Amino acid sequence: MIKLIATDMDGTFLRDDMSYDRLHFSKLYTEMQRQGVHFVVASGNQYFQLKSFFEDYPDTIYVAENGAYILDEKQVYALHAFSSLAVKQILPKLIEIPELKILVCGQKCAYARASEGEAHIQFVHRYYHQLTVVEDFDHIDDNVLKFAITCPPELTEDIVARLRIMLIGLAEPTSSGHGDIDVIQLGMNKAAGLRELGTVLGIALSEMCAFGDGGNDLEMIREVGLGVSMQNAQPAVTAVAKAKTTDNQSQGVLSFIDQLLEKQF
């Protein structure tokens, strides 16, 4: 019996234009509520951006920032932040790689340097609705949850490998591909976030279903009871999934949930 359904957003729940079939989801959400199934958004993105997609569904729970920030409209279930010392140690290592554009992701806001350029700032603003432009990162007064990095897509794997060595004992890189890399806290990922949320809700990982397509979904897809990979998923994700669905463009998540709820009824 599945008691919680979690989904990644970009490349999974959302179409490429960041839309989804709202009428279909509304019907499924009503059925999830009737069956007592929790709906959870598990994403590397900022809470404020994720919430904008589900304003009509106040019971939605968000495992945001790759598991570092877990909350709904009523309460915060968990908040995990880097220590100030770790932030001071990590940032210089990131800044020394010239190909990187860096975003510091805090609880209150995300922070981008003005030197990154207006075009890049406008681009990341799509994913970080609360965004502040700063001259440097020296005086950020916030709980730092992760670092979001953009690099040339063809360098993604090499930079992830380089960061894995540079940040030993401090943090770990994870990538959804296409030049996007998150530097997250050690042991912090979507699976860890779902496990922590499950402890609060009284739901085991084995009673959860999760959907994903990228490297930062890998642990979640592997560890839940029913991990579902998208048709457009990275091979490593598909390899650990227990089931597959169609791609994000054809709304594979909604189709799979439809069938799952019907079987449980």
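The values are calculated or read from the model by the stated rules, or taken from the named source; none is laboratory data. Here the structure is a predicted model, which is why all the values come from computation and not from measurement. Cβ coordinates were reconstructed from backbone atoms using ideal geometry, including for glycine residues, and neighbour counts include every protein chain displayed. Each accessible area value is taken on the protein alone, full model and side chains, heavy atoms only, with ligands, DNA and RNA left out. Shrake-Rupley method; radii C 1.70, N 1.55, O 1.52, S 1.80 Å.
Of the residues Leu186, Leu163, ranked by 1.4 Å probe accessible area with the largest first, the sequence reads Leu186, Leu163.
Please quote Rg/Rh for region 1-57 to two decimal places, taking the Kirkwood radius as Rh and restricting both calculations to Cα atoms. Intermediate values should be presented prior to the final figure.
On the way: Rg = 11.5 Å, Rh = 12.1 Å.
Here the Rg-to-Rh quotient is 0.95.
For the residue pairs Lys27/Lys242; Lys88/Lys146; Lys3/Lys146; Lys108/Lys146, the alpha carbons lie more than 18 Å apart in Lys27/Lys242; Lys3/Lys146. Overall, the chain carries a charge dipole of about 640 debye about its Cα centre when +1 sits on the Cβ of Lys and Arg and -1 on the Cβ of Asp and Glu, all other atoms neutral. Per-atom-type breakdown for the chain gives carbon and sulfur 51% of the accessible area (1.4 Å probe, protein chains only).
Sequentially through region 83-95, phi angles give Karplus couplings (6.51, -1.76, 1.60; θ = phi - 60°) of 5, 4, 5, 4, 4, 5, 7, 6, 4, x, 5, 6, 5 Hz, Gly and Pro residues having no value and appearing as x.
The ratio of the alpha-carbon radius of gyration of region 1-96 to the globular-protein estimate 2.2 N^0.38 Å is 1.29. Using the Cα coordinates of region 62-207, the gyration tensor eigenvalues translate into equivalent-ellipsoid semi-axes of 26, 18, 15 Å, sorted from longest to shortest. Most tightly packed first, judged by the mean number of other beta-carbon atoms within 10 Å of their residues, the peptides 138-144, 88-94 read 88-94, 138-144.
Round to the nearest 10 and report in Å² the accessible area of His129, as given by a 1.4 Å probe over the protein chains' heavy atoms. For His129, the solvent-accessible surface is approximately 80 Å². With the convex hull drawn over the C-alpha atoms of the chain, the volume per residue is 121 Å³.
Ranked from largest to smallest solvent-accessible area, with a 1.4 Å probe on the protein heavy atoms, Leu14, Leu226 come out as Leu226, Leu14. Cβ-Cβ distance of Arg126 and Asp59, R₀ of 30 Å, FRET efficiency by 1/(1 + (r/R0)^6): the value works out to about 0.70. Mind checking which of Ala68, Val183, Phe39 is farthest towards the positive end of the chain's charge dipole, using Cβ charges of +1 (Lys, Arg) and -1 (Asp, Glu) about the Cα centre? Highest projection toward the positive end goes to Phe39. In the full protein context, region 190-234 carries 31 Å² of accessible surface per residue, based on a 1.4 Å probe and ignoring ligands, DNA and RNA.
Taking every DSSP helix (H) stretch of at least 4 residues in the chain, weighting each as -39,500 (n - 2.57) and dividing the sum by the residue count yields a mean residue ellipticity at 222 nm of -9500 deg cm²/dmol.
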